1. As a footprinting exposure proxy, order SER16, SER81 by other Cβ within 10 Å, with the fewest listed first.
2. Could you calculate, for the chain, the ratio of the Cα radius of gyration to the Kirkwood radius, expressed as Rg to Rh?
3. Please name which of GLN68, LEU80, VAL50 has its Cα lying farthest along the dipole of the range 49-101 towards the positive end, using unit charges on Cβ (Lys, Arg +1; Asp, Glu -1) and the Cα centre as origin.
4. Counting other C-beta atoms within 10 Å, which of TYR74, TYR44, TYR28 has the fewest, and how do the rest follow?
5. Determine the alpha carbon to alpha carbon distance for each of LYS36/LYS100; LYS37/LYS97; LYS37/LYS64; LYS36/LYS92; LYS77/LYS99; LYS37/LYS99 and list only those over 27 Å.
6. Could you give the dipole magnitude of the chain about its Cα centre, charging the beta-carbon of Lys and Arg +1 and that of Asp and Glu -1, in debye to the nearest 20?
7. Taking amide H positions as placed in the peptide plane 1.01 Å from N, state which residues far from VAL55 in sequence (5 or more) or on other chains have amide H under 5 Å from it.
Amino acid sequence: MIVEEVNAGRLYIGESAGAMVASPNIEYAKGIDSVKKAPDLTDYCALGLVEFYPVPHFESSPFKEVVQTIIDTYSSKLNLSPISNQGAILVKNNEIKIKKC
């Protein structure tokens with residue numbers, strides 16, 4: 001339903017996990033939270049609203065180390081877009097603007 005609404009022109013705003021779930025797949029984020037908290041999770045498919053992988057909390061406590069691990073692990077495999085807690089990613093008509101603070 002979310003994808004349909006966005007494709008119909010509705011605005012999607014995602015913060016933290018809400019930003020990550022806009023990507024094609026959230027497996028890259030499994031180190032942030034324990035997968036044991038989601039015992040019914042069968043795959044890591046996400047909304048696929050964007051073709052890149054947002055990485056929120058870059059250089060921000062208490063996620064500094066785990067975010068750096070994500071970057072170190074996946075930067076050669078995925079198009080990561082790290083942003084700080086003061087940053088933002090705006091996607092409009094296939095144009096991507098990243099505000100890094």
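Each value in this text was obtained by applying a stated rule to the coordinates, not by laboratory testing. A quick note: this is a predicted structure, and the numbers were derived from the prediction, not measured. Backbone-built Cβ (ideal geometry, glycine too); neighbour counts: all protein chains shown.
1. SER16, SER81
2. Result for the chain is an Rg/Rh of 0.96.
3. VAL50
4. In increasing order of surrounding Cβ atoms, one gets TYR44, TYR74, TYR28.
5. Over 27 Å Cα-Cα: LYS36/LYS100; LYS37/LYS97; LYS36/LYS92; LYS37/LYS99.
6. 260
7. Amide H neighbours of VAL55, under 5 Å, 5+ apart: SER81, ILE83.
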